[in-house]
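Q: I'd like to ask you about the structure that follows.
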Amino acid sequence: MSDLVLGISAFYHDSASALVADGIPVAAAQEERFSRRRHDASFPAQAVRYCLDQQGVSLADVSAVAYYEDPQLKFRRVLATLLGAAPTGFESFRETFPSWVAPNGKLRTVNRVRQELQSLNLGRVPDVIARRHHESHAMSAFIPSPYESAAVLCIDGVGEWATTTMWHGRGNELRPVAEVRFPHSLGLLYSAFTYFCGFKVDSGEYKVMGLAPYGTPRYAQVIRDRLIDIKPDGSFRLDLRYFEYLRGQVMTGAAFEKLFDGPRRVPEGPLTQREFDLAASVQKVTEEVVLKLARTARERTGESKLCLAGGVALNCVANGKVIDAGIFDEVWIQPAAGDAGGALGAAQAVALEHGAQRSHLGTGQDAMSGSLLGPEFDDDTIAEFLHAHAIPHRRLDSAALADSVAEALADGKIVGWFQGRMEFGPRALGARSILGDPRDAETQSTMNLKIKFRESFRPFAPAVLASDAKDYFDLRQESPYMLVVAEVAAAQQLEVGQTNATGLELLRLRRSTIPAVTHVDYSARVQTVTEAANPAYHRLLTAFKARTGCPVLVNTSFNVRGEPIVNTPHDAYTCFMRTNIDLLALGNFLLEKEAQPAWSEESDWREEIPLD
């Protein structure tokens with residue numbers, strides 16, 4: 001029997017569980033997908049159950065449980081920070097300290113994990129082993145990568161002490177090379193601007209990235225001069241006088257306001273040119289630091305390949321800049337680069353100590369199975385759900401389903417696409433996706449305002465057949481996990497001409513043959529799709545190309561604003577009926593909105609068979 005190690009991340013944000021068999025990921029999921037609470041930080045009980053059920057095992061079959069960070073070391077950092085901020089940080093001390101030293105507080109997290117696992121009654125609980133936060137990120141970046149050896153960069157807000165780490169991976173080993181320590185943090189710098197622009201820290205950073213192309217980086221020099229001292233090797237120090245996170249529960253205060261022309265934007269308030277320019281400025285500085293770090297990683301390790309993880313590795317624009325700079329021949333980014341992926345990395349760290357080998361290296365592919373590591377529902381289960389609630393549908397074979405959906409998309413319909421195993425990580429990759437026609441300039445605003453119920457400035461991502469990607473995007477390598485931004489190919493770009501448009505007005509200008517996925521700076525967050533990674537999605541893209549000549553689809557996550565990506569047929573149908581999605585492809589079943597019975601939020605059926 002394979003050696004099984006269960007990984008867990010919890011109690012901060014995006015809690016998750018992952019199971020590895022002889023070091024290879026076989027199941028992984030975030031708790032939010034089960035609880036339906038976005039960024040759920042609670043113990044991932046349902047994710048743990050799923051991982052074990054997926055392999056048909058109990059906790060008694062697991063050799064060890066790995067927790068993604070070291071609570072003891074983290075407490076020392078928290079305590080040092082609170083004491084160092086005295087007396088101004090007393091309120092923060094009063095709110096934070098008890099949560100650590102309480103009888104079942106954060107200091108005793110490993111014991112709490114053990115107790116939570118025992119309460120599940122899933123068999124004998126094995127040893128629970130705490131790993132280091134950045135080690136977990138680094139393991140998740142390198143061990144499942146397709147590279148025998150590589151440089152590794154992990155950049156985030158903060159773990160225990162480390163905020164940026166550099167590693168050298170060879171075979172089954174990872175050697176630390178360099179680190180930047182708290183309170184100096186590139187992730188927290190970006191989060192400070194996220195907060196100042198009126199978005200939520202730890203979830204709104206991607207909105208800042210999406211805002212940046214609307215602005216000009218007129219504050220970039222102020223950031224360099226006053227906030228961050230960037231060294232030639234990419235190491236840096238923040239001027240902490242301008243930040244509040246050491247002293248209180250907010251990121252910025254009066255000093256920030258003085259630097260950046262007034263108070264913080266009120267959440268949900270109007271976006272102004274200032275916010276566009278702030279976003280452009282912090283994005284530019286972030287890219288500069290990441291590029292310097294990448295060059296140093298190349299010099300210090302001598303490697304031609306790079307692996308990335310940590311929250312900043314979800315900055316697709318910075319990733320694209322690293323690739324375009326040609327510093328490395330290839331770059332691989334962990335699809336669950338944030339803290340959820342720490343569960344996977346922690347499990348792999350323990351698995352290696354148990355003698356696991358990187359058996360996938362002989363395949364030339366990574367070990368992530370396309371990041372399709374979550375629950376799946378076969379057609380029999382879906383049929384039971386549909387029949388139990390008399391939901392009108394048509395059952396088709398896979399080829400007919402692809403043709404029917406492609407026809408609907410070509411006619412301007414919006415489609416919910418629910419197929420196979422759910423994605424692990426924040427991106428929808430063609431298993432739990434909402435799809436549209438990229439050639440229609442109205443698709444972007446329709447999907448944002450009538451389906452996603454979110455800000456109109458947010459760009460959508462294109463999914464493209466890997467074989468056609470270079471005809472549509474200036475990509476230097478494949479991008480299977482939608483974590484690289486590239487420019488739309490010149491052959492697809494259209495001349496905009498003279499315009500006085502500024503800010504969100506820029507969105508209305510048609511810039512390419514695929515306007516729904518072309519941002520105002522001609523960029524796109526690309527996913528390349530192969531038949532090997534996702535046969536059903538590849539079949540649909542092929543059918544759409546055959547019908548329209550275009551091998552590209554709009555792909556966004558199957559959810560509405562403020563909710564997690566759908567997990568079950570129940571979740572998918574609820575989202576379908578709450579929005580203006582026209583069709584829903586549930587496995588090989590096709591549901592048309594016009595054929596559905598009247599529905600409301602109070603419909604009784606939703607509680608009868610949750611299928612969770």
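The values are calculated or read from the model by the stated rules, or taken from the named source; none is laboratory data. Computed from a predicted model, the values in this text were never measured in an experiment. In this analysis, Cβ positions are derived from the backbone assuming ideal geometry, glycine residues included, and neighbour counts consider all displayed protein chains. Side chains included, ligands, DNA and RNA excluded: accessible areas come from the protein's heavy atoms. Shrake-Rupley method; radii C 1.70, N 1.55, O 1.52, S 1.80 Å.
Q: For the chain, just say rounded, prolate or oblate: build the C-alpha gyration tensor, square-root its eigenvalues into a ≥ b ≥ c, call rounded for a/c under 1.5, and beyond that prolate if a/b exceeds b/c, oblate if not.
A: Rounded, since a/c falls under 1.5.
Q: To two decimal places, what compactness ratio does region 339-413 give when its Cα radius of gyration is scaled by 2.2 N^0.38 Å?
A: My calculation over the Cα atoms of region 339-413 gives 1.77.
Q: Let's see if you can work this out: charge +1 on each Lys and Arg Cβ, -1 on each Asp and Glu Cβ, no other charges. What is the dipole magnitude of region 190-309 about its Cα centre, in debye to the nearest 20?
A: 180
Q: Given the Cα-Cα distance of D229 and A254 and 0.36 nm per residue of separation, how much length would full extension add, in nm?
A: 6.9 nm
Q: Quantify, in whole percent, the carbon and sulfur part of the accessible surface of region 33-74 (1.4 Å probe; protein heavy atoms only).
A: Carbon and sulfur atoms account for 42 percent of the accessible area of region 33-74.
Q: Normalised by the number of residues in region 78-230, what is the relative contact order in percent for Cα pairs under 8 Å and 6+ residues apart?
A: It rounds to 11 percent for region 78-230.
Q: If r is the Cβ-Cβ distance from R561 to A390 and R0 is 30 Å, what FRET efficiency results, to the nearest 0.05?
A: 0.50
Q: While we're on this one: So, with a 1.4 angstrom probe, what is the percent of accessible area on region 258-366 that is carbon and sulfur?
A: 48
Q: Can you list, bin by bin at 10 Å, the percent of alpha carbon pairs in region 39-185, starting at 0?
A: Histogramming region 39-185 at 10 Å steps yields 10, 30, 33, 22, 5, 0 percent.
Q: Can you flag which of K200/K321; K106/K200; K231/K305; K74/K258; K321/K450; K200/K470 are past 28 Å Cα-Cα?
A: Cα-Cα > 28 Å for K74/K258; K321/K450; K200/K470; rest within.
Q: Next question, about the same structure. Which whole-number value in Å³ per residue fits the convex hull of the alpha carbons of region 228-356?
A: Hull volume normalised by residue count: 167 Å³.
Q: Also, quick follow-up: Quick one: putting +1 on the C-beta of Lys and Arg, -1 on the C-beta of Asp and Glu, what dipole do you get for the chain around its Cα centre, in Debye to the nearest 20?
A: Its charge dipole is roughly 1720 debye.
Q: Still on this structure: Relative contact order, percent, of region 420-547 when contacts are C-alpha pairs under 8 Å separated by at least 6 residues?
A: Normalised by residue count, the contact order of region 420-547 is 32 percent.
Q: Over region 480-580, what percent of the accessible surface lies on carbon and sulfur atoms, probe 1.4 Å?
A: About 46 percent, which is the carbon plus sulfur part of the accessible surface.
Q: In nm, to one decimal, how far is the R241 label point from the R476 one, both placed 7 Å along Cα→Cβ?
A: It is 3.9 nm.
Q: Explain nothing, just the number: relative contact order of the chain, from Cα pairs under 8 Å at least 6 residues apart, as a whole percent.
A: Relative CO of the chain lands at 16 percent.
Q: In addition: Order K258, K207, K292, most accessible first, counting only protein heavy atoms with a 1.4 angstrom probe.
A: Output order, biggest surface exposure first: K258, K292, K207.
Q: Given R₀ = 45 Å, what would the calculated FRET efficiency be for W599 paired with R124, taking r from the Cβ atoms and rounding to 0.05?
A: Working from the Cβ atoms, E equals 0.50.
Q: Amide H of W332: which non-local residues (sequence gap of 5 or more, or other chain) have their own amide H closer than 5 Å, using H built in the peptide plane?
A: Placed amide hydrogens put L306, C307, L308 under 5 Å from W332.
Q: What does the accessible area per residue of the chain come to in Å², with a 1.4 Å probe and no ligands, DNA or RNA counted?
A: For the chain, the solvent-accessible area averages 38 Å² per residue.
Q: Positive end of the charge dipole of the chain (Lys, Arg +1 and Asp, Glu -1 on Cβ, about the Cα centre): tell me which of T165, L504, F385 has its Cα farthest that way.
A: Checking the options against the dipole of the chain, the answer is T165.
Q: So, taking all protein chains as they sit and a 1.4 Å probe, how much accessible area belongs to L494, in Å² rounded to tens?
A: Its accessible surface works out to 70 Å², give or take rounding.
Q: Using just the C-alpha positions of region 372-483 as equal point scatterers, what log10 of I(q)/I(0) does the Debye formula give at each q in 0.11, 0.17 1/Å?
A: -0.46, -1.10
Q: To the nearest 0.05, what FRET efficiency results for A102 and Q498 with a Förster distance of 51 Å applied to their C-beta separation?
A: So the FRET efficiency works out to roughly 0.20.
Q: Still on this structure, I have one more. Pick out, from S398, V526, Y219, the residue whose Cα sits farthest towards the positive end of the charge dipole of the chain, with +1 on the Cβ of Lys and Arg and -1 on the Cβ of Asp and Glu.
A: Of the options given, the answer is Y219.
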